[in-house]
Every structure is written in structure tokens, then in C-alpha cells.
1. Distance between Cα centroids, region 145-204 to region 497-535: provide it in whole Å.
2. Report the accessible area of Y49, computed with a 1.4 Å probe over the heavy atoms of all protein chains in place, in Å² rounded to the nearest 10.
3. Hey, what do the phi angles of region 420-429 turn into as Karplus ³J(HN,Hα) couplings, whole Hz, using 6.51/-1.76/1.60 and θ = phi - 60°, x for Gly and Pro?
4. How would K265, K445, K230, K495 rank on accessible area, largest to smallest, probe 1.4 Å?
5. Ignoring everything but the protein chains, give the 1.4 Å probe accessible area of V314 in square angstrom, nearest 10.
6. Mean shadow of region 295-342, computed from the convex hull of its alpha carbons, in nm²?
7. Within region 126-174, report the GluC sites (Glu not before Pro) that DSSP leaves as loop and that have at most 13 other Cβ atoms within 10 Å.
8. Straight-line reach from K346: which lysines fall under 23 Å, measuring Cα to Cα and dropping same-chain residues less than 8 apart?
Amino acid sequence: MDETTSYPPIEPSNFDLIVVGTGLPESILAAAASAAGKSVLHLDPNPSYGSHYASLPLQEFTSYIESHSSQSSSNLPIPQSDMDSGFTRVPLTTQPLYSSVEITSYSSEPLEQSRKFNIDLSGPRVLLCADAMIDLILKSEVNQYMEFKSIDGSFICDGEGNLECVPDSRSAIFKDRKLSFTEKNQLMRFFKLVQGHLEAATVADGGESSESKSISEQDLESPFVEFLSKMGLSPKLKSIVLYAIAMAEYDQENGDVCKSILKTKDGIDRLALYHSSVGRFPNAPGAMIYPIYGQGELPQAFCRRAAVKGCIYVLRMPVNSLLMDKASGSYKGICLASEQELFSHKLIFAPSFVVQLPLPHSSPDAHDFGLRNTTEKLARSICISKHSLKLDVANCLAFFPPRSLFPEQVTAIHVLQLSSNVAVCPSGMFLTYLSAICEDDVQGKKLLHAAINVLFHVPVSGSPGNNNFAEDQSETGDAKPALLWSVLYTQELAKFQDVLDNIIRTPMPDGSPYYHDLLGATEKIFQELYSGEEFFPKSTSSEEGAAQELED
């Protein structure tokens, strides 16, 4: 019997908001609406929480991306008028958001321990300790449902596979043996200048004048790379600041290929956020932390918070169509696979869904609402090995700046290695994520293959059952970790679209290793839905007490 027909009817049948999909943006919005006193129904056709932000066992992970990479039919269902009611049923279809999936197994061991993995669909991703996402976690009190561990360090990679520490603090600069005395002085002077500017800005906000320490408005509006050159930073230091701390995506030195020029004022804001993250929590000396059991814990935590506030949850429940009023053409509700009709004032759905257009209030030449709305893509890879990329380092973030692998490399590559001490892989194994913005599948795979070949010892051919290969690595003296298993694929970068008749579609995971931009887009959606309403009203318990629990 179909699972959906075995469900009893959902009661009540009228809600302020219906959310379809339990990805992080949908889960945050459901929790925010519930906290604002709205009645919310949260549905997901999947058997588990997280959607495109989930953390899954190895075999479930591969099944998920393969099932969401198949090409959908070009013949979309035609809207049907319901003769027994005043509604037109507009089909809610799905679209493939992953492509060019390439899975290679060099050992049977990872698959044999599939259930011991928690692989992020949105990786590589960490949380900056001073980021707005951490503030929201504390404010909403979802930290009581999660545990975190500190990321051990941050590194920048060269084309030879060497991982050099990112000198992101005064002590790190002094300890760095790879920096010359001149470079240490240059970086110290630069950080001191930035600190002086930020202090001057704080004083100015209080009504006092401190122009002597401020960076000029002209410099603030100039490209950050030009300002760094003006400050006398060497090419190596510029690369560290731009790509490992300020997180620039594109080659900032090549205006012809750079699609996103980082301005000095934005670069300084990113430096300030990074430095304020260092040592914020007693048990996290670095700037970054990671959720134990994976990033998929975040949407689950927000769903639990929403449930406490009265949100109703139903998993394994597909939504077949939207109900549009025949007379006015406006959105009224949804029809489930069980044929039950549910009604709401507003609707949010995950990025894999598409609403067929034109709707009555849309432009006649509009594309189907929810189809991909950006030409950029995100190449992703997950690699499993038995040895760390860096000796004695369990969890770390690393970066390949543009042109560090080959001259045509125009975007930075982000790398995140995780170990079993964050409960994402079996003991004795390491999980490494890689990602890079790209224009198409070919360019994306070229980028990631180049990085993988530099970081790992890749066997000549993928032949399952070669379980002794990793052990042989130490005998051969190969310094690189041996690759046991890998997957490469391309993810679409579907972004937030405007509200269409009280219907909103959430974005896919972006290319940043942090959550700042994603949370900003999510908060914008909430304001579009409920203008003037507070995004998570402050609870009575103190944020300070919650902060102490974050790293316990």
C-alpha cells in the first residue's frame, strides 16, 4: 500500500504558512514563523530531514544525488480544473539540481561501513564563531539540540600540495616560519591599520571624529586587491588575505575573468568578522567550529525548535499540486499525494520544486517559477582516505587560490577535511570536501581533479577490493594520503527569487564555506512574507548562558 494513503487526514486543514522541504532555509523560516505566532505546516516528501542540506550515510548520499540528477520530462503536466471545487490544480514538479555524477571506489572498506558516515550535501561548510548564524543559533536557542567542535586550523595550498598555515592572528604571524621577516612586518602593519580603522569607525558612530586612523572613502570604494598592493603586501600575503581570510571567489587580479570584484570596505568587513571569531568561545581557540554529526544537524535543530512552538511535521508526504482560485487566480493551498487539500495564506517550497507558469498574475512569457536562475554552477567532490592531509591535524579548512593549480584557474577551491572526532566517518578515516564555482561541468571537474591529484595519491584505476592500498602507502613513503573512494558532481546554484502570489522558493546551498549570505537571503524571505515582524523575537533566557553551552 502507498505510504501516503496510509496517513490519517492532517488536522487542522488551514494554516498561515505551509512549507515544503526541510532544508536549512525552509527549517529556519518555519521556526521563525512559528516563533512569531503563525500556524505552520512543514512537509517533506523525503523520509528524513535536511533536503539539500542533509547529512547522510555514504550509500544514501550517493542515492540522493543520483536520484536528483536524472533529467525530468520536458512534457510538464497540464493544470487541471477541479469540477467539484472552485480551484485549479497547478502541478508542482521537480527539476534535477545535480549533474555529471562521477563515483570511483578504490577500496570496498568505505561502502562496508556506509552507516558510519554522515556526509554533508552542502559541504565544505563551517561556522565562523562571530557569524550571524551563530548569533541566530544562540538567540533561537537551537544550540541546546547541537554540539560543536573547533576546527584545528586553516591552510593555503600551493600547486605542489603543500599546506601552509594561514597567519590569521598576531601569534600565528610570529610563529609562522614560512614568512620572511619583511612579510611578517608587512602583515602586522596591515592588520594594525585595519584595526585602527575599525576602532575609528566605532568612535565615529559615537559622534566623535577620528579621521586620522580611518581609511579614506576613496580607498574603501576601490578594489580590495588594489588597496592591498597600495599597502605594500607581497603577492603571497595578498593571496592569503584575499582567498583564505576574505574568502574572495574569483581571481581578483584579472578583471577580464573576475565576475565579483571585492571592494575594500567589504574585504575589511570580512577581516573584522574573521578576527572577531578567533577565541570567541573558551573551548574553540580558532575562528571556526563544526557541528558534531554533520551540517544536517542544523535544519533538524531548527525543526525541533519550530515543533516546540506548535509547527506540525509530516515526512514522506509528497505535494502533487497547488490550488489556485478559479475566479481570482490567487494561491489558496496545496493538494497532497494522499489527495487531501490543505489551505494557507502563504507557501514556501524547496529549490528542487518547480511551479508551471504562466499563473494568472504572472507575465505570459515568464519561465516556470522555480527553474534555475543563474548561469554559475558549483563543482563539488567528497574524498575518503585513511590519512590526514596534514600530519597531526584532524579537522581543517584549506584553499587553493586562483592560478595556484594551472594558469586558467579563475576561481578559488575550498577544501574541508573532517575526522571521526566530529562523528562524520569511521575511526581511522578522513572525509574531505572540495568545491569551486564554475561555468559548466567540464570546467568544474577540471578544477577538482587538479586539486585531488595534488592532495591525494590516486590509484591508476578504480578497482574495488584493493583494501591493502592505504596500508601500502606508508611502506612506499608516499606523503600523500591514499584515496579510498571519491565522488565528483556539479550542483546548480539556484538563488532566491521574488515572491510570486504569496509563493516563495528557497535557495540552494551557495559556494561559500560560511552561512552569512545564505542566512541573509533567508531573513530577506521572512521579511517578504511578514514585513515588520521580528525575525526570531528574543526569548527570556540569556544569550550569554547559551553561549557558554555552545562549546561545552
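The values are calculated or read from the model by the stated rules, or taken from the named source; none is laboratory data. The structure displayed is predicted, hence computed values, not measured ones. Using ideal geometry, Cβ is built from the backbone for each residue, glycine included, and neighbour counts are taken over all protein chains shown. Side chains are part of the model used for accessible areas, which takes the heavy atoms of the whole protein and leaves out ligands, DNA and RNA. Shrake-Rupley method; radii C 1.70, N 1.55, O 1.52, S 1.80 Å.
1. After rounding, the separation between the Cα centres reads 32 Å.
2. Its heavy atoms expose roughly 70 Å² to the probe.
3. 5, 6, 10, 6, 10, 7, x, 4, x, 10
4. Solvent-accessible surface, decreasing: K230, K495, K265, K445.
5. 20 Å²
6. Over every viewing direction, the Cα hull of region 295-342 projects on average to 4.8 nm².
7. Hits after loop and neighbour filter: E160.
8. Cα-Cα hits under 23 Å: K38, K309, K326, K332, K495, K524.
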